Amino acid sequence: MAVVGMKKLTLVGLHDDRHRILSRLMEFGVLDISDTEINPEIEHLFKKEVDSEDIKELEGKISTLASAIDVLRSFDKRKKPLFKVRKDINSHDFSAIVLKRHEVLSMAAKINNIKSELLGVRSDINKRNSSIMQLNSWNALSIPIEASDTMKTEIWKGMLPAAADVNVLLQTMDEEKLACSIDITGTDSDQTYITAYVHKEDTQKVSSILKRNGFSNVSFPGFTGSVGENIEKLGREIEGSNAKIAEIEERLGELSLNLDELEAVFDYYSIRKDISLTAGVIAAGKRAFFLEGWIPESLEKQLFDELNEKWIVDISTREPLEDEVYPVLLKNGFVGDSVQDITNMYDIPSHKAVDPNPVMAPFFILFFGLMLSDAGYGLLMAIGCGAVYFFVKLEDTMKRFMKMMMLCGAATIFWGALFGSWFGNLIPIIQGNPDKDISLWFAPVSDPEYLLMWSLFFGVIHIFTGLGMKAANLIKQKKYLAVLFDVVFWYVFFTGAVFLVMPYVPGISEQLANSLSPYGMYLLGAGAVLLILTQGRKSKNIGGKIIGGLASIYDLINFMSDVLSYSRLLALGLATSVIASIVNEMGSMGGFNFTGIIVFILVFLVGHSINFMLNALGAYVHSSRLQYIEYFSKFYEGGGKPFTPFKRNTKYIRIKD
């Protein structure tokens, strides 16, 4: 499979049909509408009409519905799916809900008002609880809380820092013959709460002494009577407010039954907003409009027939111009499609390049399996992810991820069986012979150098495939001579380097290494000469050409470094196997009596769960890294613009026509 071929489409229609045609195009979901360029010669006839008022009104309705949905979400008692997925609704049922959209919108406004009421009641409870906390510090107050003076006395209620000594203050006042009495009504770690009874003739001097010691007044607006009476009253009010909250929450629980309708109307207004925004990028005149966009060439006729059957339109298409950038749509088979999101996380492929996914997919999947390399773990992955993929409704992105993990699980079974790892050495442990080799090929723990050799070999194959992808890109761009200079010559050079270092690679056959090594010197030398003569060819002078060619030879260091990066295949594969075996041996230390079996099961479940999660994550990350750093660096041309068709971008529902 490959990058899907695109055609530039121009559509001309009657102005009165504009919104109906846009709605149908949205339902079709196959046209990536461009920002239409209006030729200066017809600017007096066409312009872009952005209905700001309509968009603003729609955004207000969407905001109202979004707020109401958020409120009801916590009161929705229905069973939630394992994975977040939009609900399917047929077009007939959707139309029925849309007909009562004004009623649903009014309900949303009502829900938001109830939410405001609920927040107000909760705020009142918080204020009353705060007041109770404040009053608790004045429990010892023996006079009405509102009392502030008598005929000859002023009553001050306030706080002193905990460090202030009230007895010292009273002694100071006695020495100055001031008429003042202080009652301590409460204390905490920071404050001392006091009530001061001061003769009116001495208020100024007493106030000065208290303020020097950090005194601050406290008032109780709205409270009358004793402290205890007010605390009891506040408690009753809180009970009443809690009852009101329960009543409001019950009403919201009943209203949550309408959540599906609210979500459908939310998506309806979102669709209308998208149509209004798109209407603002097309050229509109008094009697006609026209738009431009990109459509997959395989869908051109289907769209043409559909629109011509219902409206008076003129549709024309053309091939992309030579330097014209068009959006990228990738179409792959079962395996290639699974890794598409891995590629997109790196960058969108250029429209001028070949699709890397079909070639990358086997490498990613096999490298993942090699790094996890335990058939037991792979079996769990393949069965679990396969069950989700085939039997659970998923969004496209999650469905692709589950398919990829299912395939990675199958690859893990493959490598695990070859290496004899089924939950580590579980089978030999059960058979009473932990050292028994049950591998179909070899056991990496016993012969890590052999696995290192194969890891480096896989790396060379992966990198050479990347160079092959570069050749494919150059052929697509009709740069045939560059294929020879920038791919074939590098193959010669790198192959020579590989042959030359083979005697130093552990695990490789000595006879094979010695037979190929002599050819390595010739290939390396020939490749170096060819590269020196061609890699500086873009320079304008002979000196630049030679220097550029010589500098390119440094890429041999990068190549060898890239190959060594594949030793991570060995490292992660060994880590999984060794840790799994250690878990089994720890679990079996108690023997296989009743208690020992219970201990073994617990250690097995906990240990293998941790090992599986850590090493599966490591396999995912490092397999991705090998694609991004070692593989894509050889050929990948990114910077593509993703194909984003004008379609129903709904949040909660999927409309089935």
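How many residues are open to solvent by less than 20 Å² (accessible area, probe 1.4 Å) and part of a helix (DSSP H, G or I) when one looks only at region 290-315? Number satisfying all stated conditions: 2.
With 37, 53, 27 as the choices, which residue is among the charged types (D, E, K, R) and more than 16 Å from residue 272 (Cα to Cα)?
Values: 53 fails: more than 16 Å from residue 272 (Cα to Cα); 27 fails: more than 16 Å from residue 272 (Cα to Cα).
Result: 37 is the single residue among 37, 53, 27 that is among the charged types (D, E, K, R) and more than 16 Å from residue 272 (Cα to Cα).
When each of 544, 587 is tested for being open to solvent by less than 60 Å² (accessible area, probe 1.4 Å) and under 41 Å from the mean Cα position of the chain (by Cα), the lone residue that passes is 587.
Among the residues of region 625-642, those that are open to solvent by less than 50 Å² (accessible area, probe 1.4 Å), outside any loop (DSSP other than H, G, I, E, B) and under 21 Å from residue 474 (Cβ atoms) comprise 627, 630, 631, 632, 634.
Out of the residues in region 50-67 meeting the condition of being under 23 Å from residue 249 (Cβ atoms) and not hydroxyl-bearing (Ser, Thr, Tyr), tell me which one is most open to solvent (accessible area, probe 1.4 Å).
From region 50-67, those under 23 Å from residue 249 (Cβ atoms) are 64-67; that's our starting set.
Narrowing the set further to residues that are not hydroxyl-bearing (Ser, Thr, Tyr) leaves 65-66.
On the way: 65: 0, 66: 30 Å².
The residue in question is 66.
Taking the criterion of being surrounded by 17 or more Cβ atoms within 10 Å (Cβ to Cβ) and either in contact with a helix residue (DSSP H, G or I) (Cβ under 6 Å, 6 or more places away or on another chain) or without any contact (Cβ under 8 Å) to a residue 24 or more places away in the chain (or both), the only residue of region 16-27 that qualifies is 22.
To keep it simple, each residue is scored yes or no on (1) assigned to a loop (DSSP other than H, G, I, E, B); (2) more than 30 Å from residue 423 (Cα to Cα); (3) open to solvent by less than 40 Å² (accessible area, probe 1.4 Å).
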site: 323; (1), (2), (3): yes, yes, no
site: 344; (1), (2), (3): no, yes, no
site: 348; (1), (2), (3): yes, yes, yes
site: 355; (1), (2), (3): yes, yes, yes
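Only one entry of 517, 581, 588 meets the criterion of being in contact with a Pro (Cβ under 6 Å, 6 or more places away or on another chain) and in a helix (DSSP H, G or I), and that entry is 517.
Each residue in region 166-209 was checked for being open to solvent by 80 Å² or more (accessible area, probe 1.4 Å) and not in a helix (DSSP H, G or I), and 6 of them qualify.
Scanning region 440-481 for residues that are touching a helix residue (DSSP H, G or I) at 6+ places or on another chain (Cβ under 9 Å), under 18 Å from residue 349 (Cβ atoms) and either open to solvent by 90 Å² or more (accessible area, probe 1.4 Å) or of a type in the set (D, E, K, R) (or both) yields 470, 479. Looking only at residues in region 146-165 that are touching a strand residue (DSSP E or B) at 6+ places or on another chain (Cβ under 8 Å) and outside any strand (DSSP E or B), the one that is nearest to residue 226 (Cα to Cα) is 147. The condition of being surrounded by fewer than 18 Cβ atoms within 10 Å (Cβ to Cβ), assigned to a helix (DSSP H, G or I) and modelled with pLDDT under 90 holds for residue 551. Scan region 8-15 and give yes if some residue there is farther than 22 Å from residue 349 by Cβ, outside any strand (DSSP E or B) and in contact (Cβ under 8 Å) with a residue 24 or more places away in the chain, otherwise no. Scanning region 8-15 turns up at least one residue that is farther than 22 Å from residue 349 by Cβ, outside any strand (DSSP E or B) and in contact (Cβ under 8 Å) with a residue 24 or more places away in the chain. Here residue 525 meets the list (1) under 24 Å from residue 363 (Cα atoms); (2) open to solvent by less than 60 Å² (accessible area, probe 1.4 Å) almost entirely, failing just condition (1).
Inspect all residues belonging to region 425-436 and state whether any of them is of a type in the set (Gly, Ala, Ser), under 30 Å from residue 604 (Cβ atoms), part of a loop (DSSP other than H, G, I, E, B) and without any contact (Cβ under 8 Å) to a residue 40 or more places away in the chain. Yes, region 425-436 has at least one match.
Every residue, every condition in (1) closer than 25 Å to residue 247 by Cβ; (2) open to solvent by 60 Å² or more (accessible area, probe 1.4 Å); (3) of a type in the set (S, T, N, Q), yes or no:
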position: 69; (1), (2), (3): yes, no, no
position: 77; (1), (2), (3): yes, yes, no
position: 85; (1), (2), (3): no, no, no
position: 96; (1), (2), (3): no, no, no
position: 109; (1), (2), (3): yes, no, no
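Taking every residue in region 169-191 that is on the phi < 0 side of the Ramachandran plot and pairing it with any residue that is in a strand (DSSP E or B) and exposed (fewer than 15 other Cβ atoms within 10 Å of the Cβ), at least 6 positions away or on another chain, the pairs with Cβ-Cβ distances below 8 Å are 178/199; 179/199; 180/199; 190/161; 191/161. Among the residues of region 246-260, just one is open to solvent by less than 40 Å² (accessible area, probe 1.4 Å) and under 30 Å from residue 23 (Cβ atoms), namely 259.
Starting from residues that are hydroxyl-bearing (Ser, Thr, Tyr) and over 18 Å from residue 343 (Cβ atoms), keep the ones in region 386-412 and report whichever is surrounded by the fewest Cβ atoms within 10 Å (Cβ to Cβ). Walk me through how you get there before you give the answer.
Within region 386-412, the subset hydroxyl-bearing (Ser, Thr, Tyr) is 389, 397, 412.
Applying the additional criterion that residues be over 18 Å from residue 343 (Cβ atoms) yields 389, 412.
Details: 389: 20, 412: 32.
In this case the residue turns out to be 389.
Considering each of 45, 25 in turn, give the residue that is among the hydrophobic types (A, V, I, L, M, F, W, C) and modelled with pLDDT of 85 or more. Explain how you work it out, then say what you get.
On the way: 45 fails: modelled with pLDDT of 85 or more.
Within the list 45, 25, the selection yields 25.
Residues considered: 122, 128. Of these, the only one that is in contact with a helix residue (DSSP H, G or I) (Cβ under 8 Å, 6 or more places away or on another chain), open to solvent by 80 Å² or more (accessible area, probe 1.4 Å) and touching a residue at least 12 places away in the same chain (Cβ under 8 Å) is 122. The condition of being modelled with pLDDT of 90 or more, open to solvent by 80 Å² or more (accessible area, probe 1.4 Å) and within 34 Å of the chain's Cα centre (by Cα) does not hold for residue 35. When residue 284 is tested against the conditions (1) modelled with pLDDT of 90 or more; (2) buried (at least 18 other Cβ atoms within 10 Å of the Cβ); (3) among the hydrophobic types (A, V, I, L, M, F, W, C), the lone failure is (1). Tell me yes or no: at least one residue of region 560-568 is surrounded by 20 or more Cβ atoms within 10 Å (Cβ to Cβ) and either touching a Pro at 6+ places or on another chain (Cβ under 6 Å) or in a loop (DSSP other than H, G, I, E, B) (or both). Looking through region 560-568, at least one residue is surrounded by 20 or more Cβ atoms within 10 Å (Cβ to Cβ) and either touching a Pro at 6+ places or on another chain (Cβ under 6 Å) or in a loop (DSSP other than H, G, I, E, B) (or both). If I ask for residues that are touching a Gly at 6+ places or on another chain (Cβ under 8 Å) and not in a helix (DSSP H, G or I), which ones from region 442-479 would you list? Scanning region 442-479 gives 443, 444, 447.
The values are calculated or read from the model by the stated rules, or taken from the named source; none is laboratory data. Here the structure is a predicted model, which means the values were calculated and not measured. We place every Cβ from the backbone using ideal geometry, glycine too, and count neighbours over all the protein chains shown. What goes into the accessible areas is simple: the full protein's heavy atoms, side chains included, and nothing from ligands, DNA or RNA. Shrake-Rupley method; radii C 1.70, N 1.55, O 1.52, S 1.80 Å.
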